[in-house]
Amino acid sequence: MCGKQRRASAKEEAITENKKSMWLQAASLSYLGIFFGVSVVIGAALGGFLDRRWGTKPYLLMVGVLLGIATGFNELWRVAKRYQKQLKQNP
């Protein structure tokens, strides 16, 4: 009876560790959405400012938004590469 309880306890601990690991991974990736949104907003704001300053409305705004999107995808690519590297190191 005591052996069964130990095995059950070990299984529960393993499940708890997996849940903790899952939440840590989710937390480490949750900033991507915020980063993506902020980069687009900053690009749009800078493009809009330059449009008003130089009278090129709406071209620099579009360029700024596109650069913000590109920056967001660049960060996504960088994080994906880092995650693949971690998976190769710890199969």
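The values are calculated or read from the model by the stated rules, or taken from the named source; none is laboratory data. Because the structure is predicted, anything quoted here is derived from the model rather than measured. Glycine gets a Cβ as well: all are built from the backbone with ideal geometry, and neighbour counts include every protein chain shown.
Data overview
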{"read-out": "Criterion violated by residue 56 - all others in (1) outside any helix (DSSP H, G or I); (2) modelled with pLDDT under 80 satisfied", "value": "(2)"}
{"read-out": "Lone unmet requirement of (1) at pLDDT 95 or above; (2) not in a helix (DSSP H, G or I); (3) not hydroxyl-bearing (Ser, Thr, Tyr) for residue 68", "value": "(2)"}
{"read-out": "Of the criteria (1) free of Cβ contacts under 8 Å to residues at least 12 places away in the same chain; (2) surrounded by 13 or more Cβ atoms within 10 Å (Cβ to Cβ); (3) of a type outside the set (Phe, Trp, Tyr), which one residue 84 fails", "value": "(2)"}
